[in-house]
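See below for the structure under consideration.
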Amino acid sequence: MDDVRALDADAIKQLCAKLRSRIIDTVEYTGGHLSSSLGAVEVAVALHRVFDSSLDRILWDVGHQAYAHKLLTGRDEAFDTLRQYGGLSGFPDPAESGHDAYVAGHAGNALSAAVGLALARDRNGRGHEVVAVVGDGSLTAGMSYEALNHAGHAGTSLIIVLNDNGMSISPTAGSLARRLHMLRTGRTYSGLKRGAEGTLTKMPLGRQVQWLVDRAKVGAKSLVVPVMLFEELGITYLGPVDGHDVLSIEDLLCRARSLRKPVVVHVVTRKGKGYSPAEQDPVRYHGLSPYEQRVSSNQSFSGAFSEALRGHLASDQRVVVVTAAMLDGTGLAKIAHDFPGRVIDVGISEQHAVTLAGGLAAGGLRPVVAIYSTFLQRAFDQMMHDVCLPHLPVVFAIDRAGIVGEDGKTHQGIFDLGYLGLMPNMMVLAPRDGASLSTMLNYALHHAGPVAIRYPRAPLPEPSGLCGMVPGERPTAEVLRRGSDLLLIAVGSMVAPALEAAEGLTGLGLDVAVMDACVTHPIDVDAICAEASHHRAVMTLEEHVLSGGFGSNVAAALQDAGLQRVRVQRLGVPDRFVPHGSRETLLAKLGLDVIGIRRTCLALLQQTHPQSAR
């Protein structure tokens, strides 16, 4: 870092250009969060010129703006491995580097963690700085306000760098976004305040006049700038400043450090800065898939959901959609354009999104909450208390369920079946292809209570027959392939590889049946037990942790039904966090690809059918 601190203005510009070029060249092939990190290059350089990240604690919220930070902290040589299996994570991670102060995969956690780190520092009698770099999109998260309230009350030294580009993934939603826009464009306040204070202290009776001015500060702020939320909470506001001027950012950071209290440094940046395609379309370039995935033309489960939802929006005026800053990722961007007022983006506020949907349902509408599995975790109590307990007809369209790949352990959707399965009145469905997804969505929008439909971040497989459901009737498990040696019961995305594995085992003289579970909670006990009774062994397959998953419920159901003689093998994700890597690589490592399924089948058959498995 000493080399960075010694640079003059021209050298700083050259460094920033070099960092941008490195980020662009890498992310174009590995995939990753491009426009956010490009916009934060100067912020990262300024931070590392003012602070020592080996001692000071710098937190990034959310971590997809931290690629320049990684490059500045000794990870340039390994940067080509970004988001690859065994390589660098796409997010800050203390397990990867001591320069990363905290895990940063979900937005809205940095301020709470920073307050905790600052209070721990004070209690331990240490003198290092704590800095939280927070995007304006993260300020739509309710926990950020809880932390700001506590920070102002605690009064401890804490620097909050507000990286304001008017975006989260899509343009930032809500009243706060409008107020920040006023701050961005109303630069008069900070200059007026500094000038007036300097003049008054030099005047006779100036301190008395200053007291009167302070008494009228709230009214004055309302006249000069529409909102000064931070100072009302006891947090000094500095800025706004050009977020692409390193020396100006440094000046404010040094001032903030000298105040020894909670301070917000407001920097205004441009998402995608320095790369014309990303500047023109920051939403598209927010997160790029790896090059191989971008050239694929296969339709995804997200696309199938969007197509099915469109028909319901057109035919039923009661249907509305709620999302938490995920318009593009959940396939809703075009729908929001075509059905104005029917898609509600609440920002990064998952708890609010769920309870809002409960209120919409209580008011007679049919809300669909479109959300990633990993982010739905944040609204556990709202699902339980505000939707399931009153038995409200809310549909949860859970995207990115199972292994998501390169985004890694903070984003793998491998816990939803466990916590959704705890909730009375909740029905959980898992489509195996586009046709079954459409059928399930139709069923869910006619059901009298909450329904969750979970599907992966994956291309659609070829259709394998219609799901055994009729709108208005309870979903049932469906046998897709008959066999006598072994029964595979697969959940959603595992159906296609289960069928392929079973077909491959035919060449070895083995006869393997395949059942699509369709519904994972409450499981179809009658159909599963009836089919399992004809087999010595059953193997369940799920993209989910084994603890509390579908396989555990099947094993318990067979035990309760008196079918103890049926051997149950559960195939899923071990009870641990899964690192980053391509979806295909991770499924293979977990034994959840066709080869792995076939290998586990042979091992199970060797134990239960030793003659036929030879």
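Nothing in this text is a laboratory measurement; each read-out follows from the coordinates by a stated rule. Since we're looking at a predicted model, the values are computed, not measured. Here Cβ is always computed from backbone atoms with ideal geometry, including for glycine, and neighbour counts include all displayed protein chains.
By the rule of a C-alpha distance below 13 Å, with chain neighbours fewer than 8 residues away ignored, the aspartates and glutamates paired with residue 70 are 80, 93, 96, 100.
Which translational diffusion coefficient, to the nearest whole µm²/s, is obtained for the stretch 298-454 from the Stokes-Einstein equation, given a Kirkwood hydrodynamic radius over C-alpha pairs, 4 °C and 1.567 mPa s? It diffuses with D of about 85 µm²/s by this estimate. Put in line by how crowded their Cβ is, counting other Cβ atoms within 10 Å and starting with the fewest, 346, 45 read 346, 45.
Put in order of Cβ neighbour count within 10 Å, fewest first, the listed residues 307, 77 become 77, 307. Farthest toward the positive end of the dipole of the stretch 478-608, out of 506, 605, 557, is the Cα of 605, where the dipole comes from beta carbon charges about the Cα centre. Note on the stretch 1-102: the C-alpha convex hull projects to 5.9 nm² when averaged across all orientations. Farthest toward the positive end of the dipole of the stretch 305-362, out of 361, 327, 308, is the Cα of 361, where the dipole comes from beta carbon charges about the Cα centre.
Evaluate the relative contact order of the stretch 1-74 (contact order divided by residue number), counting alpha-carbon pairs under 8 angstrom at least 6 apart; express in whole percent. 42 percent. Over the stretch 478-608, the reciprocal of the mean inverse Cα-Cα separation, the Kirkwood hydrodynamic radius, stands at 14.6 Å. When 528, 58 are sorted by how many other C-beta atoms sit within 10 angstrom of their C-beta, beginning with the fewest, the order is 528, 58.
Computed over the stretch 46-112, the percent of Cα pairs more than 16 Å apart is 43.
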